[in-house]
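Report on the structure given below.
Coordinate-derived values only; no laboratory data. Values in this document were obtained by computation on a predicted structure and should not be read as measured data. Backbone-built Cβ (ideal geometry, glycine too); neighbour counts: all protein chains shown.
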Amino acid sequence: MKAIVKSKPEPGLQLCEAPEPEPGPDEVLIRVKAVGICGTDVHIFKWDEWSANRIKPPLLVGHEFVGVVEEVGREVRHIRKGARVSAEGHITCGHCRFCRTGQGHICREVEIIGVDRDGCFAEYLAMPADNIWPVPDSIPDKYASVFDPLGNAMHTVMSQPVAGRTVLITGAGAIGLFAVAIARAAGAGNVVAVEPNRFKRRLALEAGADVVLDPADEELAARVLDASEGLGPEVFLEMSGNADALVLGLRLLRNGGHAALLGIPPREVTLNLPELVIFKAATIRGVNGRRMYDTWYQCQSFLERHRLSIDTVITHTFPFAEYAKAFDVILGGNAGKLVMFVDGA
Ligand SMILES: [Zn+2]
Ligand SMILES: [Zn+2]
């Protein structure tokens, strides 16, 4: 089968022939239809410090997908051949303290497809049946292929109440843009997005932000206060991994406010805790992955019933064979979410 592979510990990816995976007794084999390209895949493409430490080539990359079940392992009872599915890409141990208390998203034995084991940028993928998410017909392939990052955004937005509250979002990459759309659909008051890239600022407006700001704007703090009754936002969602954005958001956060951090800073960050957290009585939460499977039900419900629109966030689609062009577009910076169709359609 065709697959996009990190074959050597160096920058780049190759489209090459790889053996078809064979599903185990508790797994299913999926014919992949469409895949989303994630920031993680870009890290692996660039072969940065994180990927050099974590990835063991050769590896089939990718973890966001939708496809059709082609073959069902003999112990699998609840999934039938022909079902249209996506899947939770975090494969948990299932028996640790965290897994047994409904917190599989923080299982310490987690394996992630496309990172720790072969992923979905391929014609076929084998997945544990427990991870499969059946996709209703009402949700098109393009949306179903990005349930994973949409879930990251959903988990972050839903970490605190947002209805009727001002929400500040720093970073309008794909997940930040999804978060804008979700906060809007969840009834947030003003949604304020901060993003240095002009193209992404426009996408944030299209996704439903009320105020969109460039971090270089000298009036930024005043404009955020204007949008939040002079008190600062009640909710701050950090989606950029940029230390300055983190400090800015915490500084602007209202006393008693809630911050949820999803962006991953590449190195240690120094914070003035008394000023930014303690005397503010702020609540700060780290967000990891998606809740299994609350977040998935929420994503499906928001797409089907709460008028969540993510169409403008998915800015480009490519056939699989043009993966190099797709990565070029992402590296150029002027893109939201990119989806590749494996059959080229
Ligand atoms: Zn992802
Ligand atoms: Zn576990």
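In degrees from 0 to 90, rounded to the nearest 10, what is the angle of the helix 323-332 Cα long axis to the longest principal axis of the chain? On a 0 to 90 degree scale, this one is about 10. Among Cys96, Cys16, sorting on how many other beta-carbon atoms sit within 10 Å of each Cβ, with the fewest leading, yields Cys16, Cys96. Approximating the spin labels as points 7 Å out from Cα along Cα→Cβ, the Glu229-to-Asp244 distance works out to 3.1 nm.
In the chain, a dipole from Cβ-located charges (positive for Lys and Arg, negative for Asp and Glu) runs towards its positive end, and of Leu252, Ser145, Gly73 it is Leu252 whose Cα lies farthest in that direction. About the centre of its Cα atoms, the range 2-99 shows a dipole size close to 180 debye [charges on the beta carbon of Lys, Arg (+1) and Asp, Glu (-1) only; nearest 20 debye].
Counted over the chain, the DSSP beta bridges are approximately 55% antiparallel. Restriction of the trypsin sites (Lys or Arg not before Pro) in the range 243-345 to DSSP coil positions whose beta-carbon has at most 15 other beta-carbons within 10 angstrom yields Arg267, Arg307.
Pairs exceeding 21 Å between alpha-carbon atoms, taken from Lys33/Lys325; Lys6/Lys325; Lys56/Lys325; Lys2/Lys33; Lys33/Lys81; Lys200/Lys325: Lys56/Lys325. Amide H to amide H, with H built 1.01 Å from N, Phe236 comes under 5 Å of Leu168, His258, Ala259, Ala260, counting only residues 5 or more places away or on other chains. Counted by neighbouring Cβ atoms within 10 Å, the residues Met292, Met239, Met1 run from fewest to most as Met1, Met292, Met239. On a per residue basis, the convex hull of the C-alpha atoms belonging to the chain measures out at 132 Å³.
GNM remark for the chain: springs join alpha carbons under 10 Å apart, and the peak mean-square fluctuation among Val247, Val191, Val146 falls on Val247. Under 5 Å from the amide H of Gly241 lie the amide H atoms of Gly263, Ile264, each residue being 5 or more positions distant or on a separate chain, with H modelled from the backbone and absent for Pro and chain starts.
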